[in-house]
Amino acid sequence: MSSEISVVFSSINLAMSPSALRSPGWLGEFAAGAHCDGVEYMPMFDMLPGHTPAAIGRAVAKGELKLNSLHATFREGQNSADTNKLPGDPGAENPSLKGRIIGSPLGRLILPEVCESADVMNQIQLAANRCVPVVLYPQADAEKDRRQIEAAHSLRHLFQPTDHVARLVGAANIVEFDEETSGVRGYDYVIDTFHLRRRYGRDEPGVVSDFRTSVPYMAPNTSALHLSLNRTDIPGEPHIPTEAEARKALKGVYDGELKEMLDVVKETGFASFVVIEATSNGIADLTGHKSMGDIQSAYADIADGFREYWAA
């Protein structure tokens, strides 16, 4: 059983490209040309005139940027670009250069801090005069988490389940994980096809990365998907064939673990949206494309191929 699905372009795909500094109207045109139905926007450069919450909101209100959803930033301390590492996680004591730059005071020019971004996203929605789903990063402190949820003022608040979050909230199994995140904190799930399988340096799958157990349990409360491809920007997960999955997605081919996960959600009658998360640099590396026009066409191939898979 399958239902129609919206395919959405993530603004973070362009984060490492000079195109990240282009106008929100240009982003809207790029996403449309990539055959995407809208944009999931992560606040970046929000201190620059063309990227303030008011500027983004105006572009949405004028129809220049079709805003589907918003995504919190990952800037939090020196480990920002390494996805909020816990003690003992690989890279926690020695973050990457990217992590050190984004986590430094200079990094504020690029990204607001993770909980601060909740307020920025609220300002965007106010300026646009519309409310959209918002993807947040759950905090270990339940009160801090409640404050960021309230600050975001979203249509509904979502998060990406990971073993990291399971450890953060002290969940020993998928039932406890669901009770704390979905039950107590009121989150819906975003199943991210890469992050969900991350083991954070462990040899064996954990509460969430054991996807054959976790995905069937979470699927009924899943409100969005992230088709996360060629995530070579996050090393240390050699068991995830992320590059091979990206090459196949460019041809509209879905098999193996990726198809197995997606099929479980598809069979629930899921009818929401999927966000393409694949950096433009990663697309260029896979295809050899140099121009943004060619890279845009590659994104269109992914979008069209996913729709065909979903409709089958």
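The values are calculated or read from the model by the stated rules, or taken from the named source; none is laboratory data. Keep in mind that what you see is a predicted model, and the values were worked out from it rather than measured. A quick note on method: Cβ atoms are made from the backbone with ideal geometry, for glycine too, and the neighbour counts reach across all protein chains shown.
Can you tell me which of Asp145, Asp119, Asp89 is modelled with pLDDT under 85 and either of a type in the set (D, E, K, R) or within 18 Å of the chain's Cα centre (by Cα) (or both)?
Numbers: Asp145 fails: modelled with pLDDT under 85; Asp119 fails: modelled with pLDDT under 85.
The unique qualifying residue is Asp89.
Restricting to segment 273-283, and then to whatever is assigned to a helix (DSSP H, G or I) and of a type in the set (Gly, Ala, Ser), can you tell me which residue is farthest from Asn68 (Cα to Cα)?
Here is the first cut: in segment 273-283, the ones assigned to a helix (DSSP H, G or I) are 280-283.
Now restrict to residues that are of a type in the set (Gly, Ala, Ser): 280, 282.
Numbers: Ser280: 20, Gly282: 23 Å.
Per the stated criteria, the residue is Gly282.
Looking only at segment 168-184, how many residues end up being assigned to a helix (DSSP H, G or I) and not aromatic (Phe, Trp, Tyr)?
Taking segment 168-184 as the starting set, the residues that turn out to be assigned to a helix (DSSP H, G or I) are 168, 174-184.
Then drop every residue that is not not aromatic (Phe, Trp, Tyr), which leaves 168, 174-176, 178-184.
Selection size over segment 168-184: 11.
Residues are listed down the side, and each one gets a yes or a no for (1) assigned to a helix (DSSP H, G or I); (2) of a type in the set (S, T, N, Q); (3) more than 16 Å from the chain's Cα centre (by Cα):
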position: Met218; (1), (2), (3): yes, no, yes
position: Leu227; (1), (2), (3): no, no, no
position: Asp233; (1), (2), (3): no, no, no
position: His239; (1), (2), (3): no, no, yes
position: Gly252; (1), (2), (3): no, no, yes
position: Val265; (1), (2), (3): yes, no, yes
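Counting only residues that are within 17 Å of Lys259 (Cβ to Cβ) and in contact with a strand residue (DSSP E or B) (Cβ under 7 Å, 6 or more places away or on another chain), how many does segment 184-217 have? Talk me through it step by step, then tell me what you get.
First pass over segment 184-217, keeping only residues within 17 Å of Lys259 (Cβ to Cβ): 191-194, 196-197, 211-212, 214-216.
Now restrict to residues that are in contact with a strand residue (DSSP E or B) (Cβ under 7 Å, 6 or more places away or on another chain): 191-194, 215.
Counting residues in segment 184-217 that are within 17 Å of Lys259 (Cβ to Cβ) and in contact with a strand residue (DSSP E or B) (Cβ under 7 Å, 6 or more places away or on another chain) gives 5.
Going through segment 294-312 one residue at a time, which ones are at pLDDT 95 or above and more than 18 Å from Val8 (Cα to Cα)?
Scanning segment 294-312 gives a single hit, Asp294.
Filter segment 121-161 down to the residues that are assigned to a loop (DSSP other than H, G, I, E, B), in contact with a Pro (Cβ under 7 Å, 6 or more places away or on another chain) and buried (at least 20 other Cβ atoms within 10 Å of the Cβ) and list them by number. Can you show your working first?
From segment 121-161, those assigned to a loop (DSSP other than H, G, I, E, B) are 129-133, 136-141, 153-156, 160-161; that's our starting set.
From what is left, the residues that are in contact with a Pro (Cβ under 7 Å, 6 or more places away or on another chain) are 154-156.
Within segment 121-161, Ser154 is the sole residue that qualifies.
When Thr181 is evaluated against the numbered criteria (1) closer than 25 Å to Val39 by Cα; (2) in contact with a strand residue (DSSP E or B) (Cβ under 8 Å, 6 or more places away or on another chain), which criterion, by number, is the only one it fails?
Failed condition: (1).
I'd like to check something: does segment 284-302 contain any residue that is touching a residue at least 60 places away in the same chain (Cβ under 8 Å), β-branched (Val, Ile, Thr), part of a helix (DSSP H, G or I) and surrounded by 15 or more Cβ atoms within 10 Å (Cβ to Cβ)?
Yes, segment 284-302 has at least one match.
State yes or no: is Ser209 crowded, with 22+ Cβ neighbours inside 10 Å, of a type in the set (S, T, N, Q) and in contact with a Phe, Trp or Tyr (Cβ under 9 Å, 6 or more places away or on another chain)?
Numbers: crowded, with 22+ Cβ neighbours inside 10 Å: yes; of a type in the set (S, T, N, Q): yes; in contact with a Phe, Trp or Tyr (Cβ under 9 Å, 6 or more places away or on another chain): yes.
So Ser209 passes the test.
Give the number of residues within segment 158-196 that are closer than 25 Å to Thr279 by Cβ and touching an Asp or Glu at 6+ places or on another chain (Cβ under 7 Å). Break it down stepwise before answering.
Taking segment 158-196 as the starting set, the residues that turn out to be closer than 25 Å to Thr279 by Cβ are 158-165, 189-196.
The next check asks that each one be touching an Asp or Glu at 6+ places or on another chain (Cβ under 7 Å); those that pass are 158, 160.
The qualifying residues number 2.
For Ala59, indicate whether it is touching a Gly at 6+ places or on another chain (Cβ under 9 Å), within 18 Å of Ala127 (Cβ to Cβ) and modelled with pLDDT of 95 or more. Even if it seems obvious, please write down each step before you answer.
On the way: touching a Gly at 6+ places or on another chain (Cβ under 9 Å): yes; within 18 Å of Ala127 (Cβ to Cβ): yes; modelled with pLDDT of 95 or more: yes.
Yes; evaluated as a whole, the condition is true for this residue.
Give all pairs with beta carbons closer than 7 Å in which a residue from segment 123-139 that is on the phi < 0 side of the Ramachandran plot meets a residue that is assigned to a helix (DSSP H, G or I) and among the hydroxyl-bearing types (Ser, Thr, Tyr); count only pairs at least 6 apart in sequence or on separate chains.
Pro138/Thr181
Within segment 8-37, can you find the residues that are in contact (Cβ under 8 Å) with a residue 60 or more places away in the chain and either out of contact with any strand residue (DSSP E or B) (no Cβ under 6 Å at 6 or more places or on another chain) or more than 19 Å from Ile283 (Cα to Cα) (or both)?
Correct list: Ile12, Asn13, Leu14, Ala15, Met16, Ser17, Ser19, Phe30, Gly33, His35, Asp37.
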